[in-house]
Number of protein chains: 2
Amino acid sequence: MDKIFIYDTTLRDGSQSEGISFSLQDKLAITLKLDDLGVDYIEGGYPIANPKDEAYFKEVKSLKLHHAKVASFGSTRRADKHVEDDRNVTALLQADTPVVTIVGKSWDFQVTDVLKVSLDENLKMVSDTVAYLKSKNREVFFDAEHFFDGYKKNREYALKVLQAAQSSGADAIVLCDTNGGSLPAEVAEIVRDVRQKIQGMLGIHVHNDGDLAVANTLAAIDQGVRQVQGTINGFGERCGNADLCSIIPNLVLKRRYHCLRDGRLKKLTEVSRYVYETANLLLRPNQPFVGTSAFAHKGGLHINAIQKNKGTYEHIPPESVGNERKILISELSGSSTILAKIEKFHLTHDGAFMRSILETVQNLENEGYQFESAEASFELLVRKKAGRYKPFFNLQGFRVIVEKRENGLPITEATVKVEVDGIQELSASEGEGPVNALDSALRKALERFYPSLKDMKLVDYKVRVINPRKGTAAKVRVFIESQDEKNIWNTVGVSENLIDASWHALVDSIEYKLLKEQEMVSKK
Amino acid sequence: MDKIFIYDTTLRDGSQSEGISFSLQDKLAITLKLDDLGVDYIEGGYPIANPKDEAYFKEVKSLKLHHAKVASFGSTRRADKHVEDDRNVTALLQADTPVVTIVGKSWDFQVTDVLKVSLDENLKMVSDTVAYLKSKNREVFFDAEHFFDGYKKNREYALKVLQAAQSSGADAIVLCDTNGGSLPAEVAEIVRDVRQKIQGMLGIHVHNDGDLAVANTLAAIDQGVRQVQGTINGFGERCGNADLCSIIPNLVLKRRYHCLRDGRLKKLTEVSRYVYETANLLLRPNQPFVGTSAFAHKGGLHINAIQKNKGTYEHIPPESVGNERKILISELSGSSTILAKIEKFHLTHDGAFMRSILETVQNLENEGYQFESAEASFELLVRKKAGRYKPFFNLQGFRVIVEKRENGLPITEATVKVEVDGIQELSASEGEGPVNALDSALRKALERFYPSLKDMKLVDYKVRVINPRKGTAAKVRVFIESQDEKNIWNTVGVSENLIDASWHALVDSIEYKLLKEQEMVSKK
């Protein structure tokens, strides 16, 4: 089995994404995750004039990594300087990493018109820097910036740059599609030519501007490239870098290459979500392999077929990348979908019960409910229909007031009255808005009876106007995502009154939490 | 220039996405957008046992489409039935579309083990159905479901299915990668073989489970396929269908194929965002070609380089797909757009004024405002900055109360106090929800002073949570569309408090109405 070396640049190129700013602690935590996953190289940052990255390289040395080597990243020496006097190159050495990756220009136009350096001097900048770093016993990778665009304009010069790096001892020559616009057929053809001119390890580093980063990476590997640079979730500037969460399973499961530590592919989904969470970004549900919808099935016919044979509608087993199958409830689905769900709740079911559930779901969907993204509400619905549900509290009433005075900020206040086992509780709370105030008043009222509600928080809130043409009298659907230490669950509420719709979703969310806890206790 | 036919299935396969549920009005509105863009075929739905799609096919006939043909979608006849007695095939004819696309199985295992039909009967089901629909003068496309998986397992049978469709007169044979797991090299090899066996038009329909849908589509086109099936934004089940927003610009700008109506590629970004908005999904900032970050650049050297030569850091000119360059942090984006808008208001402007407007817009956009779909709010903003605006009323305060008793419906009440030329007015109103109550109380208070407000109504109301990870304390953006006898206008409001955000959008909407009226009067 051929080995492909995985070079992760989430912490360096990935952090160029709009809206991403990793703290030092974030970077160290992600480093541990990547090492456990088993990537071969972790590019930690750009130590030059960047105190956070400088601190990273200091701290990372005290982590016990099992597998990965840490790389620092920088440019070739400046024009007309001795390499040993170059501040940037010195900073790379001070980072004290086993691997140093340097980037240099390989597009003639960029050399003469952007860098304003002669073509010959650029070649010397490359070879001096590589040779110097090699003399300091580093593993040295050379990133040939804009290589594919450069090759298309001036093949001879682009190849000369690679040769300069190679003959000075670079351990890998990495071909970069910096603008991300190349097509797979071009990449294949160009890499094939390079492969004939350059001995030793070749790498590939592409961006996704043409929506082809994964394909371009695979095309390069088909031509003999053995190092892949990319990021978790495809983070990176503009349209991002090549997504390792897609490339790795394609290589391992479909092409039978060896990547990562043995048995670790199953951690991929967890790592993807961990990195989203650390970056404070919402995950992309339809992301291939690791997305929450990547193995979600909706159509009724499909569900039948999946139960018969899983390979029928799935290109890989979801568990191979640590993901899971998801059966969606929707107007398109027949009873087989719902049956599959109900089985998960361990409820006995006869035909009449099934039909009544189906009818209820259809009626609610006509009213504007959607259960496919609100499984917790669906489970509560089924349990209630089955007579397997005893309410945890009764609402006696709530009131929400939003008040605004001339030029002032609005003030929001909610009061909630509930009853639990004959005991009434009245509570009041302010909030950022009416739903926030209602949410916190309700919890305040219930925490006396159910202290574990303190562990739970709402992490996502969505509002959708269902029949917008009715203006402000339109019906709204609210989705709420909640989480505690172990689980994430979703609930839905619908009403012409936004506060009331939110209320229904809030109540479902709390009831579901209490229900799961009760189940845990009764299992013990 | 070779023509590639674009077959859009956003409304059918795309609506299988988790969380997407288009209303009839949504589907008709998207049809008009797609037609204007110039796709060749619009697959409108699945008329069988689906009242919404049935209604769509009835209504779509009254739309005046300039270019696109509408297609209905269904399966081949059932086993052991006469095709003319088949309810599903009859429904396809009743949909009365110029094009009918039928899907049939081409993987032997699916035929014998899922459908439980003999291999021969399946071939007859395909040829009967195609021949019958052809006899009814339809343009007939045959989608060979699971073709690539079928070919890999039983090449001979998979090809037989295609031949059955072709010899019965199918106008195009569409090769489907239903599970979305094929690699570009496999697709190329298999299509090359098919091309030698099957004459006439070939199509390609792939899913994105391997993150390779765009590349697989391009690989098929390289082998002679001329019809591309896909969806706007890659909507679709699991990881989605092939994204037409990536495929079309790759084909047009990089391969010089002819797609879409002349000059319409520039509408692509607008269509992408319109479809997101209609589906009420957040757009993906890093989506290739059409994403808001697709051409985002950081400051400094990069910007300089871009100004020297745009090709240096951009694979295509952003305006070719109707997108725009975005300069992050240090520079201001869209100044020419804003300049052009300000000119429309006949305001004189010097450099300092322009800079202050740009700064205000950028600050508000950082807070979550968006003026692209709220030009009325933008115009009010510019007039206020220019000192060319005198308020029509002052808010002294409002109060909204939502109250709910045990098992009762919620009651909503709003009071509003305004002042116009020294005269105070207090009014109260009930409503379906808090915004509706506030809206009607505000109008009630103002109609005494401005009777023309009676002509105006709110026709659309949208809520979007901007930073959903903050749960119910998240910031929300509200869009309101209003109309009177002559005009339609849009306004926006942003706040952590939904009532307050709605209030800002409501007030803008009313102020804009009064402003336009004042202008009319002063022109007379």
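The values are calculated or read from the model by the stated rules, or taken from the named source; none is laboratory data. Worth saying up front: this structure is predicted, and the values here are computed from it rather than measured. Neighbour counts run over all protein chains shown; Cβ positions are idealised from the backbone, glycine included.
In this structure, is residue A:198 more than 14 Å from every other protein chain (Cβ to nearest Cβ), hydrophobic (A, V, I, L, M, F, W, C) and crowded, with 23+ Cβ neighbours inside 10 Å? Show your work before the answer.
On the way: more than 14 Å from every other protein chain (Cβ to nearest Cβ): yes; hydrophobic (A, V, I, L, M, F, W, C): yes; crowded, with 23+ Cβ neighbours inside 10 Å: no.
Judged against the criteria, residue A:198 is not a match.
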Exercise for review: For residue B:522, state whether it is more than 30 Å from residue A:399 (Cα to Cα) and either away from chain A (no Cβ under 14 Å) or buried (at least 23 other Cβ atoms within 10 Å of the Cβ) (or both).
Suggested key: yes
Check your understanding: Looking only at the range B:251-276, which residues are out of contact with any Gly (no Cβ under 6 Å at 6 or more places or on another chain) and of a type in the set (S, T, N, Q)?
Key -> B:272
**Study point:** Any chance residue A:288 is in contact (Cβ under 8 Å) with a residue 12 or more places away in the chain, of a type outside the set (S, T, N, Q) and in the same structural domain as residue A:27 (by TED's automatic domain parsing)
**Key:** no
Revision key, fill the gap. When residue A:30 is run through (1) touching a residue at least 60 places away in the same chain (Cβ under 8 Å); (2) over 25 Å from the mean Cα position of the chain (by Cα); (3) not in a loop (DSSP other than H, G, I, E, B), the failure sits at (2)
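List the helices (runs of 4 or more DSSP H) that sit entirely inside the range B:80-176 and contain at least 1 residues that are closer than 21 Å to residue B:200 by Cβ and assigned by TED's automatic domain parsing to the domain that holds residue B:198.
Values: elements: B:87-94, B:119-135, B:147-153, B:155-167.
It comes to B:119-135, B:147-153, B:155-167.
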Revision key, fill the gap. The residue from A:141, A:148, A:73 that alone is within 14 Å of another protein chain (Cβ to nearest Cβ), surrounded by 24 or more Cβ atoms within 10 Å (Cβ to Cβ) and on the phi < 0 side of the Ramachandran plot is A:148
Review point. Is one or more of the residues making up the range B:332-353 within 14 Å of chain A (Cβ to nearest Cβ), modelled with pLDDT under 75 and surrounded by 15 or more Cβ atoms within 10 Å (Cβ to Cβ)?
Key: yes
Exercise for review: For residues that are among the charged types (D, E, K, R) and over 10 Å from the mean Cα position of the chain (by Cα), scanning just the range B:1-26, find the one that is surrounded by the most Cβ atoms within 10 Å (Cβ to Cβ).
Suggested key: B:8
**Study point:** Sole exception among (1) touching a residue at least 60 places away in the same chain (Cβ under 8 Å); (2) away from every other protein chain (no Cβ under 11 Å) for residue A:503, by number
**Key:** (2)
Point to revise | Top-ranked residue of the range A:173-190 - restricted to ones that are more than 14 Å from chain B (Cβ to nearest Cβ) and within 15 Å of residue A:217 (Cβ to Cβ), ranked as surrounded by the fewest Cβ atoms within 10 Å (Cβ to Cβ) | key: A:190
Exercise for review: State yes or no: is residue A:62 without any contact (Cβ under 8 Å) to a residue 60 or more places away in the chain and in a strand (DSSP E or B)?
Suggested key: no
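Could you please let me know if residue A:41 is hydroxyl-bearing (Ser, Thr, Tyr) and touching a helix residue (DSSP H, G or I) at 6+ places or on another chain (Cβ under 8 Å)? Quick ask: steps written out before the conclusion?
Working: hydroxyl-bearing (Ser, Thr, Tyr): yes; touching a helix residue (DSSP H, G or I) at 6+ places or on another chain (Cβ under 8 Å): no.
Criteria not met by residue A:41.
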Check your understanding: Which condition number does residue B:88 fail, the rest of (1) crowded, with 24+ Cβ neighbours inside 10 Å; (2) free of Cβ contacts under 8 Å to residues at least 60 places away in the same chain; (3) of a type in the set (S, T, N, Q) being met?
Key -> (1)
Check your understanding: For the range B:387-499, list the strands (runs of 3 or more DSSP E) that sit wholly inside it and hold at least 3 residues that are more than 11 Å from every other protein chain (Cβ to nearest Cβ) and buried (at least 20 other Cβ atoms within 10 Å of the Cβ); which are they?
Key -> B:488-495
Revision key, fill the gap. Scanning the range B:228-242 for residues that are part of a loop (DSSP other than H, G, I, E, B) and closer than 17 Å to residue A:212 by Cβ, the one farthest from the other protein chains (Cβ to nearest Cβ) turns out to be B:242
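Being among the hydroxyl-bearing types (Ser, Thr, Tyr) and either away from chain A (no Cβ under 13 Å) or within 17 Å of the chain's Cα centre (by Cα) (or both) is the filter; apply it to the range B:243-289 and report the residue that is nearest to residue B:323 (Cα to Cα).
If we filter the range B:243-289 for residues that are among the hydroxyl-bearing types (Ser, Thr, Tyr), which is where we start, we get B:246, B:257, B:269, B:272, B:274, B:276, B:278.
Pick out the ones that are also either away from chain A (no Cβ under 13 Å) or within 17 Å of the chain's Cα centre (by Cα) (or both) and you get B:246, B:269, B:272, B:274, B:276, B:278.
Working: B:246: 13, B:269: 6, B:272: 11, B:274: 13, B:276: 15, B:278: 19 Å.
Only one residue fits best here, namely B:269.
If I filter the range B:290-302 down to residues being more than 9 Å from chain A (Cβ to nearest Cβ) and outside any helix (DSSP H, G or I), which single residue comes out as modelled with the highest pLDDT?
Taking the range B:290-302 first, the residues more than 9 Å from chain A (Cβ to nearest Cβ) are B:290, B:299-300, B:302.
Those left that are additionally outside any helix (DSSP H, G or I): B:290, B:299-300.
Working: B:290: 96, B:299: 44, B:300: 41.
Top of the filtered list is B:290.
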Check your understanding: Are there any pairs, at least 6 apart or on different chains, whose C-beta atoms fall under 8 Å, with the first in the range B:382-406 and without any contact (Cβ under 8 Å) to a residue 12 or more places away in the chain and the second assigned to a loop (DSSP other than H, G, I, E, B), and if so, which?
Key -> B:403/B:410; B:404/B:410
**Study point:** Members of the range A:208-222 found to be under 23 Å from residue A:140 (Cβ atoms) and either crowded, with 24+ Cβ neighbours inside 10 Å or free of Cβ contacts under 8 Å to residues at least 60 places away in the same chain (or both), listed by number
**Key:** A:217, A:220
Practice item. Check the range A:181-196 and report whether any residue there is on the phi > 0 side of the Ramachandran plot and not hydroxyl-bearing (Ser, Thr, Tyr). Key: no
